Amino acid sequence: MQVKADKELQLKQDPQMVWKVMTDPALMVVSVPGAELTETLDERNFKGKIGIKIGPVTAKFNGEASFTKMEESNYELTLEGKGSDSGGKGGASMTMNILLSETEGGGTLMKSSMALSITGKLAQFGSRMIVAVNNKMFNQWSENFTDILEKQCADGTDANSNEANLTEALD
C-alpha cells in the first residue's frame with residue numbers, strides 16, 4: 001500500500017540555518033518521534049530504528065536512509081529510506097523531497113512531498129489510517145524541529161552542536 005503527503009512548514013530561521021540542521025542526521029533524529037540513529041555510514045548514508053503505532057499495532061523498523069540529492073545552492077533535498085519490521089512481518093520505504101525557500105520576512109518556507117509504501121501488518125489498516133498517523137507524526141516532528149531551531153538561535157550555537165544539547169530542547 002502506498003500513500004502520498006504534501007506538507008508545508010513556515011519557520012522563523014533563514015534557509016541556511018534550517019539546511020544545516022536538516023542535513024545532519026544526528027540533529028534531525030532528535031526531532032523524529034520514535035526514531036533513533038544507530039550508525040552514520042558517511043555524510044549521506046546512515047542507519048536507524050523507528051517505532052510506529054497504528055491502532056492496536058506497534059511496529060519497530062530497522063532501516064537505512066540516504067540523502068540522494070543535496071543541492072545547497074537552491075536548498076533542495078531528497079531523502080530515501082527503507083526498513084524492515086524487526087518482527088519480520090513487513091517493511092516500509094519512503095522518498096521525501098524537500099525544498100526550502102526564503103520568505104519576505106527573512107524566514108523559511110519548507111515544502112515537502114513524501115511517498116510512503118508499507119507492506120505487512122501495518123498495511124492492513126488502510127491508507128486512511130496511515131495518512132492520519134502520518135499527519136500526527138508530521139505535527140509532532142514540526143514542533144520538535146521548530147524547538148531545536150529556536151534553541152540553537154537562543155543559545156547562539158551553530159548547527160554542529162552536539163546531540164545532548166539538542167535533546168534538552170525537547171524536554
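The values are calculated or read from the model by the stated rules, or taken from the named source; none is laboratory data. All of these numbers come straight from a predicted model, not from anything done at the bench. Every residue, glycine as well, gets a Cβ built from its backbone with ideal geometry; the counts of neighbours run over all protein chains shown. Each accessible area value is taken on the protein alone, full model and side chains, heavy atoms only, with ligands, DNA and RNA left out. Shrake-Rupley method; radii C 1.70, N 1.55, O 1.52, S 1.80 Å.
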Quiz prompt | Portion, in percent, of the accessible area of the stretch 1-108 that falls on carbon or sulfur, probe 1.4 Å | solution = 47 percent
Quiz item: Taking the Cα atoms only, what angle lies between the long axis of helix 126-155 and the longest principal axis of the chain, rounded to 10 degrees?
Solution: 20 degrees
Quiz item: How high is the relative contact order of the stretch 40-154, in percent, with contacts defined as C-alpha pairs under 8 Å that are six or more residues apart?
Solution: 17 percent
Quiz item: How big is the gap, in Å, between the Cα center of the stretch 88-114 and the Cα center of the stretch 5-41?
Solution: 9 Å
Practice problem: Report, by chain and number, residues whose modeled amide H sits under 5 Å from the one on ASP14, excluding near sequence neighbours (fewer than 5 apart, same chain). | Solution: none
Quiz prompt | Loop GluC sites (Glu not before Pro), the stretch 43-130 (other Cβ atoms within 10 Å of the site Cβ: 16 or fewer; DSSP) | solution = GLU43, GLU72, GLU104
Quiz item: Which length gain, in nm to one decimal place, applies between LYS49 and LYS136 when the Cα-Cα distance is subtracted from 0.36 nm times their residue separation?
Solution: 29.4 nm
Quiz prompt | Cα gyration tensor shape of the stretch 1-71, rounded if a/c is under 1.5, else prolate or oblate by comparing a/b with b/c | solution = oblate
Quiz prompt | Charge sum, other residues only, whose C-beta stays under 13 Å from SER84's C-beta, Lys/Arg counted +1 and Asp/Glu -1 | solution = +4
Quiz prompt | Rule-of-thumb Rg ratio for the chain [Cα; 2.2 N^0.38 Å; N residues] | solution = 1.02
Quiz item: Where Lys and Arg each count +1 and Asp and Glu each count -1, what net charge lies around SER31 among other residues with Cβ under 10 Å from its Cβ?
Solution: -2
Quiz prompt | Longest to shortest principal axis, alpha-carbon extents of the stretch 112-153, angstrom | solution = 43, 15, 15
Self-check item: Cβ-defined net charge surrounding GLU104, 14 Å radius [Lys, Arg +1; Asp, Glu -1]
Solution: -1
